[in-house]
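Take a look at the structure below.
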Amino acid sequence: MTVIVLRSAPDTTGIRFSLDARVVCVPDSSYANITGTLYVGEQRVSFYSLHKKIGFSLNYQNIVIHAVVRSSTDDEPHLYCQLDGPFPGCQSSVNGANESDEDSEDEEFAELKFYPSDTSQRKYNV
């Protein structure tokens, strides 16, 4: 998986949607609770914090699962993404292989959550 670390705001050419949000990497990350802007483009998803001057960009093929998570008793509404490999600065989770399958290997993955700054607008319901 290729993660591009951003030191400046991403190129906005081809951006179809943007959202002010707070990013959290599950379960732990150097990106924990950084506020910035999520950019959804034609070829990739990017996040950049103008205040911290750091961000990242991912190609769509690196996102295995994505979903809009509605408000629940356990969590706030957010956009959820599961990535196909480890994420820099984020403790990876492991999908355990079936122990009877000798050819299987454990697969590492990371999870990102993007919490909208203003949930009242419901911009993330596109």
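The values are calculated or read from the model by the stated rules, or taken from the named source; none is laboratory data. Treat the numbers as computed from the prediction; the structure is a model and nothing was measured. Using ideal geometry, Cβ is built from the backbone for each residue, glycine included, and neighbour counts are taken over all protein chains shown. With ligands, DNA and RNA removed, areas are computed over all heavy atoms of the protein, side chains included. Shrake-Rupley method; radii C 1.70, N 1.55, O 1.52, S 1.80 Å.
Please go through region 39-90 and pick out each residue that is charged (D, E, K, R) and without any contact (Cβ under 8 Å) to a residue 60 or more places away in the chain. Residues satisfying the conditions are GLU42, ARG44, LYS52, LYS53, ARG70, ASP74, ASP75, GLU76.
With respect to PHE87, determine if the residue is modelled with pLDDT under 85 and open to solvent by less than 40 Å² (accessible area, probe 1.4 Å). Show your work before the answer.
On the way: modelled with pLDDT under 85: yes; open to solvent by less than 40 Å² (accessible area, probe 1.4 Å): yes.
In short, yes.
The strands (runs of 3 or more DSSP E) found entirely in region 1-71 that carry 2 or more residues being crowded, with 18+ Cβ neighbours inside 10 Å and under 13 Å from the mean Cα position of the chain (by Cα) are 15-26, 34-41, 44-49, 54-59. When region 90-126 is limited to residues that are open to solvent by 90 Å² or more (accessible area, probe 1.4 Å) and assigned to a strand (DSSP E or B), the one that is modelled with the lowest pLDDT turns out to be GLU107.
Of the set (1) modelled with pLDDT under 90; (2) farther than 21 Å from SER117 by Cα; (3) in contact with a Cys (Cβ under 9 Å, 6 or more places away or on another chain), all apply to ASP28 but (2).
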